[in-house]
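Trainee: Before we start, here is the structure in question, set down as structure tokens.
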Amino acid sequence: MSAKTPTLAVIIGSIRPDRFGPTVAGWFAAEAEAHGSFTVDLVDLADYELPVELAGNDHHAALPADVAALGRRLAEADAFVLITPVYNRSFPASLKTAIDWFYSEWVLRPVSFISYGGVTGGLTAVEQLRGIFPEFPAITTKSFISLPNFWTVFDHDGRPVDSAGLRTTATTVLDELAWWAPMLREARATRPYPGLDIEPTFTEKDREVPA
């Protein structure tokens with residue numbers, strides 16, 4: 001098995017102004033760095049303008065530059081944590097757009113979640129996301145983080161009120177991702193998945209990308 005440190009992409013799913021996602025992401029990325037099992041890539045979907053209308057079936061058509069740029073980052077990841085608020089019992093359209101633009105970038109990677117909201121902590125958003133990723137197929141982990149009444153969980157400086165308690169929860173998620181990520185990376189390289197031809201969706205050398 002490769003000794004290369006797995007890459008964990010921590011993805012901020014909301015692009016709204018004044019969103020809370022970056023606070024959660026900054027905390028979790030620091031926990032992931034301290035955990036020591038991953039190279040951490042913090043991905044903010046607000047940095048990319050992803051068209052809602054997806055590409056057609058012409059795999060040599062020019063791609064929007066931001067789609068290609070995001071695709072290259074996702075393709076480097078061995079595991080994902082998606083950070084999402086709850087919108088009307090589901091998750092943001094910006095996150096669904098980002099998921100749908102790509103395919104093989106998600107294939108056979110472990111995916112976990114951090115949700116935040118009111119009294120439910122965004123649990124309905126996570127349940128919606130869990131139903132999507134088997135299609136690729138990707139592995140959604142048992143462990144995830146839910147932040148009920150999130151405005152009480154962090155102080156005004158963006159630090160957890162209960163640092164030790166949240167660190168314990170984060171460690172559980174990271175331990176599980178660290179178990180899956182190297183094994184699935186090795187499987188992608190050496191064991192073809194039945195009925196699945198895995199090729200990069202948007203990273204082909206011959207695919208035209210506008211400057």
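Trainee: Modelling each spin label as a point 7 Å along the Cα-to-Cβ direction, I'd like the Arg72/Trp151 distance in nm, to one decimal.
Mentor: According to this spin-label approximation, the distance is 4.1 nm.
Trainee: On to the next question. Between region 125-142 and region 97-121, what's the alpha-carbon centroid distance in Å?
Mentor: 7
Trainee: So which GluC sites (Glu not before Pro) in region 34-143 end up in coil per DSSP with only 16 or fewer other C-beta atoms within 10 Å? Could you put the intermediate results ahead of the total?
Mentor: Values: sites: Glu49, Glu53, Glu76, Glu105, Glu127, Glu135; in loops: Glu49, Glu53, Glu76, Glu105.
Answer by residue number: Glu49, Glu53, Glu76.
Trainee: Ok, one more. For the chain, what is the calculated [θ] at 222 nm in deg cm²/dmol (nearest 500), taking -39500 (n - 2.57) for each run of four or more DSSP H residues and dividing by its residue count?
Mentor: On the way: 5 runs with 70 residues, N = 211.
Helix contribution divided over all residues of the chain: -10500 deg cm²/dmol.
Trainee: Continuing with the same structure: Is the C-alpha gyration tensor of region 84-156 telling us rounded, prolate or oblate? Criteria: a/c under 1.5 is rounded; beyond that, a/b larger than b/c is prolate, otherwise oblate.
Mentor: Values: a/c = 2.31, a/b = 1.87, b/c = 1.23.
Prolate.
Trainee: Let me ask another. Return the Rg/Rh ratio of the chain with Cα-based radii and a Kirkwood Rh. Intermediate results must be reported in sequence, preceding the final value.
Mentor: Numbers: Rg = 17.0 Å, Rh = 17.7 Å.
Here Rg/Rh amounts to 0.96.
Trainee: Follow-up question, since we're still on this one. Rg and Dmax of region 1-103, using alpha carbons, in Å: what are they?
Mentor: 14.7, 43
Trainee: Right, here's the next one. Cβ under 15 Å from Ala125's Cβ, Ala125 left aside: what net charge do those residues give with Lys, Arg +1 and Asp, Glu -1?
Mentor: Cβ neighbours under 15 Å give a net charge of +4.
Only the coordinates and a few stated rules stand behind these numbers; no lab work does. These figures come from a predicted structure and were not determined experimentally. So basically every Cβ, Gly included, is an ideal-geometry build from the backbone, and we count neighbours across all protein chains shown.
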